[in-house]
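Student: Got a structure here, written out as structure tokens. Questions coming.
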Amino acid sequence: QGGCVNAIIGLLKWLNVVPVPLLDIQLPIVCARATIEANRRGAFELLAEHDAEGGLGAAEVADKLGLSSEGTALLLRALKSSGYLKHRNGKYLNGRWARKWIVHPDRGLSEMLKLQSVTYERLQSLGDNVVSGRPSLDFHSKFEKAGTEGQETYTRGMQQAARMFIPAVLKSADIPADAKAMIDIGGAHGEYARQFVAHYPDLHATVFDLGGPINTAKKLAEEQGRTERLSFVAGNAFQDDLGENWDVILLANFIHLFSPEQTLVLFEKCLKALAPTGVLLIVDQFSGSEGGIKAQLFDVISLNFFNVGGRAYTLSEVHDLLAKARFTTVADRRFPPSVPGGLIQASR
């Protein structure tokens, strides 16, 4: 039902017969906050637990989560109208979007949704960014130390998001057959490294990131029992030595956090650290590289990146920076429409 409503709204907007600014602002803001709050309170997980019983009534959800009956009824009704919940025989159940994208054990983005409440608050400073051209907070230092507020949520959320990209990256990347050593710079959760070593039996991967994310990455590795051929190193990619003779260097959803000047420095360090036949893999959202809804997505999230000091780069901008860093071979790899990004592979 929610998908049908969205299609109708999209048609009415295209015909320009409805107040588009209100639909683009008021409706998404309230729907987003409703979904974020329901996820934060555990409503989707609770309904998943009672799926076999046909769901729960609004009063039962309120009682189990310690919420007001009136507020819960309005929240669940809004989520049903938005397409995230179903209502049957007086009870609420998770809709197909919630089942696949929130509570699913492999695809679920519940931690990523928790992170969006932080993003929502952070973007209050966007107006200042647009005026000054600079971020109003030091995003990176916020997560440098373990235990920083929101740091573990951020890292776990990024792990969930990475699962959307990894199959396409593994399929698209051209890795040397004899590759033995990989460094995942800004690897945070370590999910890319885990999947790479599982895919390439001779590969050893090092996850390199700030202290806070590395602490969470180690915790995730222990929880999942997947620590073979993995190493974790805390450091700053701009300040610390990256080592040498890496067969694979991965920058996954990383360069969009930095300015062109910083990215050039990073590329120069990567070239120095690569083995003679090594490859640099850059996974990101590249502005202007796609059409349709992916183009809209990339342009909108580019503004989000700008709020922390970066932006989405165009393919030509990345190519120019790689050339300045003295990479000589550069190739683009497009991902399927369902994957919000692409890959640039570079070598000496």
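The values are calculated or read from the model by the stated rules, or taken from the named source; none is laboratory data. These numbers were taken from a predicted model, which means no experiment stands behind them. FYI the Cβ positions are ideal-geometry reconstructions off the backbone, even for glycines, and counts take in every protein chain you see. Keep in mind that these areas ignore ligands, DNA and RNA; they rest on the heavy atoms of the full protein, side chains included. Shrake-Rupley method; radii C 1.70, N 1.55, O 1.52, S 1.80 Å.
Student: Can you give the calculated 222 nm mean residue ellipticity of the chain, where each DSSP H run of n ≥ 4 adds -39,500 (n - 2.57) and the sum is split over every residue, rounded to the nearest 500 deg cm²/dmol?
Tutor: -16000 deg cm²/dmol
Student: Applying the Karplus parametrisation 6.51 cos²θ - 1.76 cosθ + 1.60 with θ = phi - 60° to the phi angles of the range 208-218, what ³J(HN,Hα) value in whole Hz is obtained for each residue in order, glycine and proline being reported as x?
Tutor: 10, 6, 5, x, x, x, 5, 4, 5, 4, 5
Student: Would the range 290-348 count as rounded, prolate or oblate if I go by the C-alpha gyration tensor, calling it rounded below 1.5 in a/c and otherwise prolate when a/b exceeds b/c, oblate otherwise?
Tutor: It comes out oblate by the Cα gyration axes.
Student: Over the chain, with a Gaussian network built from C-alpha contacts below 10 Å, which listed residue (245, 16, 39) shows the highest mean-square fluctuation?
Tutor: Result for the chain, Cα springs under 10 Å: 16 fluctuates most.
Student: Can I ask one more? Springs between alpha-carbon pairs under 10 angstrom, Gaussian network model over the chain: which of 114, 80, 171 fluctuates most?
Tutor: In the Gaussian network model the winner is 171.
Student: If I model a spin label as a point 7 Å beyond the Cα along the Cα-Cβ vector, how far apart are those points for residue 244 and residue 26 in nm?
Tutor: 6.4 nm
Student: Give me the net charge of residue 273's neighbourhood, meaning all other residues with Cβ under 14 Å from the Cβ of residue 273; Lys, Arg count +1, Asp, Glu -1.
Tutor: Neighbour charge sum, excluding residue 273 itself: -2.
Student: Pairing the Cα long axis of helix 151-172 with the longest principal axis of the chain, what angle in degrees results, from 0 to 90 and rounded to the nearest 10?
Tutor: For 151-172 against the chain, the angle is about 70 degrees.
Student: Any idea what diffusion coefficient the range 217-257 gets from Stokes-Einstein, in µm²/s, Kirkwood Rh on alpha carbon pairs, 20 °C, 1.002 mPa s?
Tutor: 169 µm²/s
Student: How big is the accessible area of residue 154 in square angstrom, nearest 10, if you roll a 1.4 angstrom probe over the protein chains?
Tutor: Looks like 40 Å² after rounding.
Student: Give the residue list of GluC sites (Glu not before Pro) in the range 244-302 that are DSSP loop and have at most 14 other beta-carbon atoms within 10 angstrom.
Tutor: Within the range 244-302, the qualifying GluC sites (Glu not before Pro) (loop, at most 14 other Cβ atoms within 10 Å) are 244.
Student: From the protein chains alone at 1.4 Å, what is the descending order of accessible area for 20, 131, 265, 308, largest first?
Tutor: The most accessible residue leads, giving 131, 265, 20, 308.
Student: So what's the angle, to the nearest 10 degrees on a 0 to 90 scale, between helix 292-306 and the longest Cα principal axis of the chain?
Tutor: 70 degrees
Student: Using only C-alpha positions, report the orientation-averaged shadow area of the convex hull of the range 262-317, nm², one decimal.
Tutor: Average projection, Cα convex hull of the range 262-317: 4.5 nm².
Student: Normalised by the residues of the range 177-280, what does the relative contact order come to in percent, with Cα pairs under 8 Å and at least six apart?
Tutor: 30 percent
Student: Would you work out the relative contact order for the range 248-348, in percent, from Cα pairs under 8 angstrom that are 6 or more residues apart?
Tutor: This gives 35 percent for the range 248-348.
Student: Tilt of helix 315-324 relative to the longest C-alpha principal axis of the chain, in degrees (0 to 90, nearest 10)?
Tutor: 20 degrees
Student: For the range 166-313, just run the numbers: alpha carbon Rg, then divide by 2.2 N^0.38 Å, N being how many residues it has.
Tutor: Taking the Cα Rg and dividing by 2.2 N^0.38 Å, one obtains 1.05.
Student: By the scheme Lys and Arg +1, Asp and Glu -1, what is the net charge of all other residues having a beta-carbon under 13 Å from that of residue 247?
Tutor: -3
Student: In square angstrom, rounded to the nearest 10, how much accessible surface does residue 103 have for a 1.4 Å probe?
Tutor: So the heavy atoms of residue 103 present about 50 Å² to solvent.
Student: For the range 23-68, report the translational diffusion coefficient in µm²/s to the nearest whole number, using Stokes-Einstein at 37 °C, 0.692 mPa s, and a Kirkwood Rh over Cα pairs.
Tutor: It diffuses with D of about 282 µm²/s by this estimate.
Student: For the chain, what are the per-bin percents of Cα-Cα distances with bins 20 Å wide, up to the bin holding the maximum?
Tutor: 27, 55, 18, 0
Student: What figure, in Å² to the nearest 10, do you get for the accessible area of residue 228 with a 1.4 Å probe and non-protein molecules left out?
Tutor: Looks like 120 Å² after rounding.
Student: Out of 334, 194, 311, any idea which swings most in a Gaussian network model of the chain, alpha carbons joined below 10 Å?
Tutor: 334
Student: Moving to a separate point now. Any idea what the relative contact order of the chain is, in percent, if you count C-alpha pairs under 8 Å spaced at least 6 apart?
Tutor: Dividing the mean separation by the residue count of the chain yields 13 percent.
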